[in-house]
1. Using Cα pairs closer than 8 Å and at least 6 residues apart in sequence, work out the relative contact order for the chain, in percent.
2. Quick one: length gained pulling Glu45 to Leu25 fully straight, 0.36 nm per residue minus the C-alpha distance?
3. Among Val31, Ala14, Val56, pick out the residue whose Cα is farthest towards the positive end of the charge dipole of the range 1-75, where Lys and Arg carry +1 and Asp and Glu carry -1 on C-beta, about the Cα centre.
4. With only Lys, Arg, Asp and Glu charged, each at its Cβ (+1 for the first two, -1 for the last two), find how big the charge dipole of the chain is about the Cα centre; round to the nearest 20 debye.
5. Rounded to the nearest whole Å², what accessible area per residue is found for the chain with the 1.4 Å probe?
6. If I model a spin label as a point 7 Å beyond the Cα along the Cα-Cβ vector, how far apart are those points for Glu76 and Thr2 in nm?
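The values are calculated or read from the model by the stated rules, or taken from the named source; none is laboratory data. As the structure is a computational prediction, the values presented were derived from the model and not from experiment. Glycine also receives a Cβ, built like all others from the backbone with ideal geometry; neighbour counts cover every protein chain displayed. Remember, those area values only see protein heavy atoms, side chains included, never the ligands or the DNA or RNA. Shrake-Rupley method; radii C 1.70, N 1.55, O 1.52, S 1.80 Å.
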Amino acid sequence: MTDAYVHVIVDAGAVSNAANEIADLESVETVHIVTGDYDLIAQLELDDVDDLPTVVADEIHAVSGVIDTVTNVAFEP
């Protein structure tokens, strides 16, 4: 199992809708609207780390209003 965090920048006025659409994606565990440089942070739970590019590029970036993302893969200490 691989956890990743996707920091998402969204068009003004589209944050709530984008958060709901992203939350409905199969690989997404949680989504939070946040303050700071990003609008949303989505926690992904993937069976295979090789699925990460597809989820981010093909699914999250397809959500209406998504402008850009930064992804961090989590490792156990």
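1. With pairs under 8 Å counted, the relative contact order is 47 percent.
2. 6.1 nm
3. The residue sitting farthest along the positive end of the dipole is Ala14.
4. 360
5. It amounts to 61 Å² per residue over the chain.
6. 1.7
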